[in-house]
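Data first, discussion second: the structure below is written as structure tokens.
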Amino acid sequence: MRNRKGFTLIETVMALVILSSGLLLLANSWSGSFMRVRKTQLSTEVAALLERKMVEVEMEYQGKPLDSIPEEKEDDFGSEYPQYSWRMTSKEFEVPDFSATLTAQAGGADELTLTIMKTLAEHLGKSIKEVKVTVIYKGAKKPLEFSATQYFVDYDKQLPLPSIPGAGG
């Protein structure tokens, strides 16, 4: 028998395979962790910017007439956040038409009920404005958009009284 003073080629190759497999698993784990950290960072930045812009919009238009809120407005966040921009859109609140549901019920709905529902829907549409703020992240392959919606209500707008057929007056 010879004196063995080293590793055989098979032992060396097996050690290298085990070592490279371990390094590959470790690299994938670090890569996955890095991607999760980056995604979390992006979500945190977007949430903070969206909250900031929503507060600015609320402070700018709170207590003002609903007509003063523009239909569209957009800008960026300056040099501090060059990869982000924002867009604000507003529209009158759309109340669903319940007349079909009311008339489909057993016995249907009378003319007075339908008139009251129509008047109420029109009043709500003019008294509520839906404002949507969108933050756009331009750092990805395709721009990512994150939105939040807020409703401004004019509590001082008087509810018009419908004319009631057959009522004296």
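The values are calculated or read from the model by the stated rules, or taken from the named source; none is laboratory data. This is a predicted model, so every value here is computed, not measured. Ideal geometry is used to build each Cβ from the backbone, glycine not excepted, and the neighbour counts take in all protein chains shown.
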When only residues in segment 132-169 that are basic (Lys, Arg) and assigned to a loop (DSSP other than H, G, I, E, B) count, which is modelled with the lowest pLDDT? LYS157
Where residues in segment 132-148 are buried (at least 17 other Cβ atoms within 10 Å of the Cβ) and aliphatic (A, V, I, L, M), which of them is nearest to ALA48 (Cα to Cα)? VAL135
ARG87: under 15 Å from the mean Cα position of the chain (by Cα), assigned to a helix (DSSP H, G or I) and of a type outside the set (Ser, Thr, Tyr), yes or no? no
Could you identify the single residue in GLU56, GLU74, GLU80, GLU60 that is touching a Ser or Thr at 6+ places or on another chain (Cβ under 8 Å), acidic (Asp, Glu) and either at pLDDT 90 or above or under 26 Å from ARG38 (Cα atoms) (or both)? GLU74
So in segment 84-118, with the set limited to residues that are modelled with pLDDT of 85 or more and hydroxyl-bearing (Ser, Thr, Tyr), which one is farthest from MET54 (Cα to Cα)? TYR84
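Condition first: over 23 Å from the mean Cα position of the chain (by Cα), loosely packed, with under 14 Cβ neighbours inside 10 Å and within 16 Å of GLN150 (Cα to Cα). Can you find one or more residues in segment 48-61 that meet it? Walk me through it before giving the result.
From segment 48-61, those over 23 Å from the mean Cα position of the chain (by Cα) are none; that's our starting set.
For segment 48-61, residues over 23 Å from the mean Cα position of the chain (by Cα), loosely packed, with under 14 Cβ neighbours inside 10 Å and within 16 Å of GLN150 (Cα to Cα): absent.
Which members of segment 90-124 meet the condition of being outside any helix (DSSP H, G or I) and not hydrophobic (A, V, I, L, M, F, W, C)?
SER90, LYS91, GLU92, GLU94, PRO96, ASP97, GLN105, GLY107, GLY108, ASP110, listed by residue number.
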Residue satisfying all of: in segment 17-47; under 20 Å from the mean Cα position of the chain (by Cα) and small (Gly, Ala, Ser); surrounded by the most Cβ atoms within 10 Å (Cβ to Cβ) among these: ALA47
Out of curiosity, is GLU80 acidic (Asp, Glu) and either in contact with a helix residue (DSSP H, G or I) (Cβ under 8 Å, 6 or more places away or on another chain) or surrounded by 10 or more Cβ atoms within 10 Å (Cβ to Cβ) (or both)? no
